[in-house]
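First comes the structure, then the notes that go with it.
Every number here is computed from the coordinates shown, using simple stated rules; none is lab data. Every value quoted in this text rests on a predicted model; they were computed, and no experiment measured them. Cβ placement follows ideal geometry from the backbone for every residue including glycine, while neighbour counts extend to all protein chains displayed.
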Amino acid sequence: MLEIVRLVLGPAQTNCYLLADPDKKEAVAIDPAWDGERILKAGRQRGWRITNIWLTHAHFDHFGGAGAVADGSSPMPPVALHPADYPLWRASGGAPLFGLQIDPGPEPTIDLVHGMQLFLADQLVEVRHAPGHTPGHVLFYLPGQAVAFCGDIIFQGSIGRTDLPGGDYQTLIDSIQSQVLSLPDDTRLLSGHGGETSVGLERKSNPFLIS
């Protein structure tokens with residue numbers, strides 16, 4: 001069983017997750033939002049080495065800590081991102097629009113695509129492309145643990161913004177319907193902001209999804 005640690009970081013109170021194989025002492029940093037030293041410390045306290053960085057999308061508040069994580073890890077962990085979000089990543093994730101500067105860290109070298117299968121220990125991680133918040137947004141679904149890391153697609157009782165460049169409301173709703181609500185109701189949804197929810201709860205009560 002993989003272990004999950006949540007850290008709430010940065011000016012947007014973004015959730016960063018460490019997904020770890022406790023036996024091999026290896027972890028993936030999903031959306032290293034900010035303050036990479038805190039992410040590294042959380043891993044080191046548990047004896048984990050961060051071997052990969054996986055980004056749900058390329059808004060600055062989801063990879064603002066990637067540079068420090070990479071600098072403090074040996075060897076340097078590769079970064080995975082959907083290619084449709086590369087232009088946003090190269091624009092520092094929109095940070096200058098908010099008067100912020102970030103260290104973007106190493107350029108992504110793993111191209112995430114829909115249906116791609118990643119593995120941590122013996123656990124399958126399925127990549128699901130879910131645009132609408134950004135063109136290259138993905139979620140990471142672990143069927144063996146009934147959990148999905150869904151970035152800014154869906155939140156507890158809400159959905160992601162679509163008013164930023166590259167966002168589109170109907171595309172986001174379509175993505176939620178096809179990539180989130182198609183999962184079993186007991187699937188835990190770990191979002192980019194706020195608390196945990198589930199597919200069944202959002203299907204039943206999310207005001208944006210009830211027709």
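Sequence gap at least 6, Cα distance under 8 Å: using those rules, report the relative contact order of the chain to the nearest whole percent.
Relative contact order, the chain: 15 percent.
Using the alpha carbons of the chain, what is the convex hull volume per residue in cubic angstrom, as a whole number?
On the way: hull volume 21.9 nm³, N = 211.
That works out to 104 Å³ per residue.
Just to be sure I understand: with springs between alpha-carbon atoms less than 10 Å apart, which residue in 120, 40, 164 has the highest mean-square fluctuation in the Gaussian network model of the chain?
Looking only at 120, 40, 164, the largest GNM fluctuation is found for 164.
Roughly how many debye, to the nearest 20, is the charge dipole of the chain about its Cα centre, given +1 on each Lys and Arg Cβ, -1 on each Asp and Glu Cβ, and no other charges? Working shown, then result.
Details: 14 positive and 23 negative charges, 69 e Å.
Dipole size: approximately 340 debye.
For the residue pair residue 145 and residue 91, what label-to-label distance in nm results when each label sits 7 Å from Cα along the Cα-to-beta-carbon direction?
3.4 nm
Mean-square fluctuation check for the chain, GNM, Cα pairs under 10 Å: which of 142, 100, 183 is largest?
It is 100.
Taking trypsin sites (Lys or Arg not before Pro) as exposed when DSSP calls them loop (any state but H, G, I, E, B) and at most 15 other Cβ atoms lie within 10 Å, what is the longest stretch of the chain free of them, the sites themselves excluded? Don't skip to the end; give the middle numbers.
On the way: sites that count: 24, 25, 46, 161.
With trypsin sites (Lys or Arg not before Pro) excluded where exposed in loops, the chain gives 47-160 as its longest stretch.
So for the chain, taking the charge dipole from beta-carbon charges (+1 Lys/Arg, -1 Asp/Glu), which of 5, 88, 123 sits furthest toward the positive end?
Toward the positive end, the furthest listed residue is 5.
Sorted from fewest to most neighbouring beta carbons within 10 Å, what does the list 76, 116 look like?
With the fewest neighbours first, 76, 116 line up as 76, 116.
Given only helices, namely DSSP H runs of n ≥ 4 each adding -39500 (n - 2.57), what is the per-residue ellipticity at 222 nm of the chain, to the nearest 500 deg cm²/dmol?
-4000 deg cm²/dmol
Give me the aspartates and glutamates in straight-line cross-link reach of residue 24: C-alpha distance below 19 Å, same-chain residues under 8 apart excluded.
Filter leaves 3, 122.
Return the long-range amide H neighbours of residue 155 (sequence gap of 5 or more, or a different chain), with a cut-off of under 5 Å between placed amide H atoms.
Sorted by chain and number, the residues that satisfy this are 160.
For residue 173, put the label point 7 Å out on the Cα→Cβ axis and report which residues of the range 138-154 keep their amide N under 17 Å from it.
Answer for the range 138-154: 153-154.
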